[in-house]
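The values are calculated or read from the model by the stated rules, or taken from the named source; none is laboratory data. Quick caveat: nothing in here was measured; it's all calculated off a predicted structure. A quick note on method: Cβ atoms are made from the backbone with ideal geometry, for glycine too, and the neighbour counts reach across all protein chains shown. Only protein heavy atoms, including side chains, enter the accessible area calculation; ligands, DNA and RNA are left aside. Shrake-Rupley method; radii C 1.70, N 1.55, O 1.52, S 1.80 Å.
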Amino acid sequence: MTPSAPTGTVSVLVLPHRSLSRAGLIGFLLAQGVAIAAFAVLAAVAGNVFAPGFAILAMWFVAFCFLRIWRKSGAGQIVTISASTLEVASMRGTQTARFHPYWTKVRLEQGRHRGWPERLLIGSHGREIEIGAFLNDDERHELARKITDLVRDAQRRGGPQDTSVQGESE
């Protein structure tokens, strides 16, 4: 949570758990490469001349999969709350939703089936967006409480102001 003093804007950064740093990922892939290369050389010495080629293909496939998963695990959401705007932006830049805090509702929706995780939804006027889908239920509850408190503070500061855009008059 990053408060900005002059404007009263607060940002909440919601990130998935990433258990491997960039250096850890590179170290893991290098160790995998060394192990694969060692077994490929042993297999080639034993007579399997195709082993080095398959080892290279396997290593590229493993590296591709790990890099893709690692990149996806870093994509979270930024929730920015001020007296006049609540904005939920994806760190991938794909989707941004804006609401007026006075009309915004924060709610936890139970999973559709028994054992399914809850969903944390923020919305207003029939539009909703899910945040923190990658969090566990306890973290989702804590995030819901934190955002609800911030929205209440913004509601107290902002009030029901008209934020519609007026067109030009003829």
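Structure notes:
- Remark: pairs (first residue in the range 128-152, without any contact (Cβ under 8 Å) to a residue 40 or more places away in the chain; second residue of a type in the set (Val, Ile, Thr) and in a strand (DSSP E or B); Cβ separation under 6 Å; 6+ apart in sequence or on different chains) = ALA144/VAL106.
- Per the conditions (1) open to solvent by less than 50 Å² (accessible area, probe 1.4 Å); (2) out of contact with any helix residue (DSSP H, G or I) (no Cβ under 7 Å at 6 or more places or on another chain), the sole criterion not satisfied by HIS17 is (1).
Quick grid of which residues meet (1) touching a Ser or Thr at 6+ places or on another chain (Cβ under 7 Å); (2) open to solvent by 60 Å² or more (accessible area, probe 1.4 Å); (3) on the phi < 0 side of the Ramachandran plot:
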residue: GLN95; (1), (2), (3): no, yes, yes
residue: LEU108; (1), (2), (3): no, no, yes
residue: TRP116; (1), (2), (3): no, yes, yes
residue: ARG119; (1), (2), (3): no, yes, yes
residue: ILE122; (1), (2), (3): yes, no, yes
residue: GLY126; (1), (2), (3): no, yes, no
residue: PHE134; (1), (2), (3): no, yes, yes
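- Options LEU121, LEU150, LEU86; residue that is in contact with an Asp or Glu (Cβ under 8 Å, 6 or more places away or on another chain) and over 30 Å from ARG22 (Cβ atoms): LEU121
- Subset of the range 126-146 [farther than 15 Å from VAL88 by Cβ and part of a loop (DSSP other than H, G, I, E, B)]: GLY126, ASN136
- Here the range 65-93 is the region considered, the condition is being in contact with a helix residue (DSSP H, G or I) (Cβ under 6 Å, 6 or more places away or on another chain) and not β-branched (Val, Ile, Thr), and the residue that is most open to solvent (accessible area, probe 1.4 Å) is SER84.
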